[in-house]
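The values are calculated or read from the model by the stated rules, or taken from the named source; none is laboratory data. What you see is a predicted model, and the numbers here were worked out from it, not measured in a lab. Cβ placement follows ideal geometry from the backbone for every residue including glycine, while neighbour counts extend to all protein chains displayed. Please note that ligands, DNA and RNA were not included when accessible areas were found on the heavy atoms of the full protein model with its side chains. Shrake-Rupley method; radii C 1.70, N 1.55, O 1.52, S 1.80 Å.
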Amino acid sequence: MPASALDMTFGTYVSPTSTTFRAGSEPMLRRLEEQSNGEMKWETFTGGAMGGPKELLGNAGAGILDASGVVDIYVKASLPHSTLVSGMLIVGEDPAAMAGAMNEFQLLHCPDCLKDHEKNNVKAMGFSATGTYHLICKDEVHTAEQLRGKKVRAVGGMGRAIQSLGGTPVSITTAEMYEAMQRGQMDCATASAAWLDTYNLRDFSKSIVIDSLGSYFGIMSFVINKDVWDDLSEANQKIIKANMARVSADVVFAYAPEGAEAIKNFEAKGGKAYTFDDEMQARLAKARADEYAYTIAFGKKNGIENAEELVTTFEKLVDKWNGIMKEVGTDKEAYIQRLQEEVYDKI
């Protein structure tokens, strides 16, 4: 390594085998080392070794870590403007479109989001999304009658959706899902299909509903301490910015094939895949149609005076990125190029 090498730390609460780390964070950090010719040397801490989902933002801001991956929904009080929109999981039918919209919203169209980052002494970049969420249950559940009274792991606005479908939402982090299902603290999870394997939900589950419940698009793939960022050379700052579109794409595009493989493995071991019945489909469509208006009212009630402006701006960006996805389809490199042009070339 060069004499000026920087030994830097990156922490995440997810396991080293999780999609977000294995497909996203880890290869990104290795690229940063390579492209900086060894000036940036990263040590990684996974599985919550340097903080759980509620601590990582503060640990990065305090300098306990140089950088971290953050899930905004677990630190709502610190990132109120980000979580206002990321809580609308049910509208996220295309994760790639949602990740594009979230990057553009956070970095170009939400000054309040940037102020929130500053207050926490961090620079946040590289927003990504999980694969589409599905209903994964210990028993056969795909009708309103079967869901009634079931305890369902659901975060953010997904809790509202589950209530409208007839279930009882419970707030449980991804890291706690396995134990919660094992102990009977939850009967079902709203989760990416890939988590059947990643978090071993297949061990207790008998059914998955393949209809999309949306996706979570508040993954902050790279949150770096503001003082550390300011001390980096301009060249190294440019290297980091140049990798953010790719890390977002790496995560999003990894989820779909991993989810399909997980469902295949699940069925091979006796699990069953279902679709929602007509009543559930109708309830889901209504919940999705009501979500933007509900979020505006929720934001105003919780003191975000410009909630309507923020949510309306985000809705337009979702429409824009849905259009972009019709153009790029499954071409990952084309998606990265558009994300670079539409967002990162402008910051």
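Numbers below:
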quantity	calculated
Inter-site label distance for residue 282 and residue 305 at 7 Å from Cα along Cβ, in nm	4.3
Amide H partners (placed H, <5 Å) of residue 122, local residues excluded	226
Computed FRET value (nearest 0.05) for residue 346 with residue 233, which takes r as the C-beta separation and R₀ as 25 Å	0.70
In Hz, Karplus ³J(HN,Hα) per residue of the range 225-231 (6.51, -1.76, 1.60; θ = phi - 60°; x = Gly, Pro)	3, 5, 5, 5, 4, 5, 7
Accessible surface of the chain, 1.4 Å probe, proportion on carbon and sulfur as whole %	48
Area of residue 210 that stays accessible when all protein chains are in place (1.4 Å probe, Å², to 10)	80
Dipole in debye (nearest 20) - the range 48-155, about Cα centre, beta carbon charges: Lys, Arg +1; Asp, Glu -1	380
Separation of the residue 17 and residue 171 label points, Cα + 7 Å toward Cβ, nm	3.0
Net lengthening on full extension, residue 203/residue 265 (0.36 nm per residue, minus Cα-Cα)	21.2 nm
Potential extension, residue 185-residue 93 segment - 0.36 nm per residue separation minus Cα distance	30.3 nm
Over 22 Å between alpha carbons, listed pairs 123/346; 226/332; 76/346; 138/269	226/332; 76/346
C-alpha long axis of helix 26-35 to longest principal axis of the chain, angle in °	20
Listed candidates (1) 32, 22, 19; (2) 58, 31, 20; (3) 38, 22, 18 - label of the one calculated as semi-axes √(5λ) of the Cα gyration tensor in Å	(1)
Antiparallel DSSP beta bridges within the range 128-194, percent to nearest 5	50
Solvent-accessible surface ranking, highest first, for 94, 203 at 1.4 angstrom	203, 94
Percent RCO, i.e. relative contact order, over the range 36-82, from Cα pairs under 8 Å lying at least 6 residues apart	28
Under Karplus coefficients 6.51, -1.76 and 1.60, residue-wise ³J(HN,Hα) of the range 110-116 in Hz, glycine/proline x	9, x, 5, 5, 5, 5, 4
Fluctuation leader among 198, 130, 12 - the chain, Gaussian network, Cα springs under 10 angstrom	198
Helix axis angle, 234-268 relative to the chain longest principal axis, alpha carbon, degrees	20
For residue 183, net neighbour charge (Lys/Arg +1, Asp/Glu -1) across residues whose Cβ lies under 12 Å away	-1
Relative contact order (%) - the chain, alpha-carbon pairs under 8 angstrom, separation at least six	24
Long pairs among 150/300; 286/326; 115/316, criterion Cα-Cα beyond 28 Å	150/300
The chain: calculated mean residue ellipticity at 222 nm from DSSP helix runs of at least 4, using -39500 (n - 2.57)	-14500 deg cm²/dmol
Estimated vicinal HN-Hα couplings, Hz - the range 197-205 in sequence order (Karplus 6.51, -1.76, 1.60; Gly, Pro = x)	9, 4, 10, 6, 5, 4, 4, 10, 9
FRET E, pair residue 332, residue 242, Förster distance 22 Å, beta-carbon r, rounded to 0.05	0.85
Residue-normalised accessible area of the chain, expressed per residue, 1.4 Å probe, Å²	41
Amide H contacts of residue 172 (H built 1.01 Å from N, under 5 Å, at least 5 apart or other chain)	154
